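Each remark here refers to the structure printed beneath this line.
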Amino acid sequence: MPRNRVARTPSRRSLSLRRLLGACIAVAMIWGLFWLLFHSGLTDPLLEMAAPGYERLVAMINDPLGIDWGGRLVTIAAILIPHLGILLFVFDENA
């Protein structure tokens, strides 16, 4: 006849070992992502595509008066207004 086994809680040592193992796995995944993005060379085409936008942003920060703000403001408004509308709809307290 089999014995009734009582479910036991894991010991403190077992829990700390599990947490350490989980932390090591998380650090390994973060390091792998960092290596993939910055050291593998796989993202070089993406960085080349983003370079003109980055250069425009740097130029805008360094010389704000030398920029055609009319075109920039229309672009910024076209991006921000829909997002603000969605945020107002989501966080509306009167609904």
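The values are calculated or read from the model by the stated rules, or taken from the named source; none is laboratory data. A quick note: this is a predicted structure, and the numbers were derived from the prediction, not measured. Positions of Cβ are generated from backbone atoms using ideal geometry, with glycine treated the same way; all protein chains shown enter the neighbour counts. Keep in mind that these areas ignore ligands, DNA and RNA; they rest on the heavy atoms of the full protein, side chains included. Shrake-Rupley method; radii C 1.70, N 1.55, O 1.52, S 1.80 Å.
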Inset, instruction - Report the percentage of all Cα-Cα pairs in the range 42-94 whose separation exceeds 15 Å, rounded to a whole percent. - result: 66
Inset, instruction - Starting from the residue with the highest accessible area, list ARG8, ARG18, ARG56, ARG72 in decreasing order, probe 1.4 Å. - result: ARG8, ARG18, ARG56, ARG72
Inset, instruction - Could you order TRP35, TRP69 so the one with the most accessible surface comes first? Probe is 1.4 Å. - result: TRP35, TRP69
Inset, instruction - Quickly work out the MET29-to-ILE81 label distance, labels modelled 7 Å from Cα along the C-beta direction, and quote it in nm with one decimal. - result: 4.1
Legend entry - GNM result for the chain, Cα springs below 10 Å: residue of GLY41, GLY85, GLY66 fluctuating most strongly: GLY85
Legend entry - Nearest 10 degrees, 0 to 90: helix 12-38 Cα axis against the chain principal axis: 30
Legend entry - Degrees, to the nearest 10: 69-90 long Cα axis against longest axis of the chain: 40
Legend entry - Local electrostatic count at TRP69 - Lys and Arg +1, Asp and Glu -1, tallied over other residues with Cβ under 14 Å: 0
Inset, instruction - Relative to the longest principal axis of the C-alpha atoms of the chain, give the angle of the C-alpha long axis of helix 44-62, reported between 0 and 90° and rounded to the nearest 10°. - result: 50
